[in-house]
Amino acid sequence: MLQQNPNVAVWQTADEYLGAAEILLDYNRLRPAAILAALSLELCLKCFLARRIAPWTATTSRGHSLVSLFNEISLDDRKALLKTSTTLDSSIDFEKNIERFDRHFENGRYLHEPDALNPIGSDII
C-alpha cells in the first residue's frame, strides 16, 4: 500500500482527541483535558511513523515518549515540523515543548499514583 506521510487516519484521531481536550478545558476539567492533549500530541508525532495497512487503517509504534517519537521521524519531516511550528506561532519552541511534555500522558493520567504530575497545567493544550 502506498504510504501517505503524515498518515491521515492517525492525524484525524489526534485531531479528535485535541477537540475533546478543548471541550473539557471549557468545562474546567483540566487534568483530563491535559491528558487528552498529551495523547493528541503523541499521535501527531506517530502519524509520521505510521504504516498504512488499508484505507483509513494504520499501525503505529508503541510507546509514549514524545522525545523518542520525534527523534524517530525522518530528518526532513522533523525540519518541516519545526518550520511549520515557527510559521504558525514563533513564540512556541516546538522541540523544547516536546521535551517538556515528554511523558505527560504516562505520568499525568493517574492522579492516585505517587509519581503523578501534580499540578498539571493547561499549557499543553
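Quick notes on this one:
Quick grid of which residues meet (1) touching a Gly at 6+ places or on another chain (Cβ under 9 Å); (2) at pLDDT 90 or above; (3) buried (at least 20 other Cβ atoms within 10 Å of the Cβ); (4) closer than 21 Å to D76 by Cβ:
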{"site": "N5", "(1), (2), (3), (4)": "no, no, no, yes"}
{"site": "A9", "(1), (2), (3), (4)": "no, no, no, no"}
{"site": "A20", "(1), (2), (3), (4)": "no, yes, no, no"}
{"site": "R29", "(1), (2), (3), (4)": "no, yes, no, no"}
{"site": "P32", "(1), (2), (3), (4)": "no, yes, no, no"}
{"site": "L39", "(1), (2), (3), (4)": "no, yes, yes, no"}
{"site": "R51", "(1), (2), (3), (4)": "no, no, no, yes"}
{"site": "A54", "(1), (2), (3), (4)": "no, no, no, no"}
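- Count of the stretch 97-125 residues, restricted to those that are among the acidic types (D, E) and either at pLDDT below 85 or within 15 Å of R31 (Cβ to Cβ) (or both), is 4.
The values are calculated or read from the model by the stated rules, or taken from the named source; none is laboratory data. Computed from a prediction, not measured in an experiment: that's the story for all the values here. Reconstructed Cβ throughout: ideal geometry from the backbone, glycine too, with neighbour counts over all protein chains shown.
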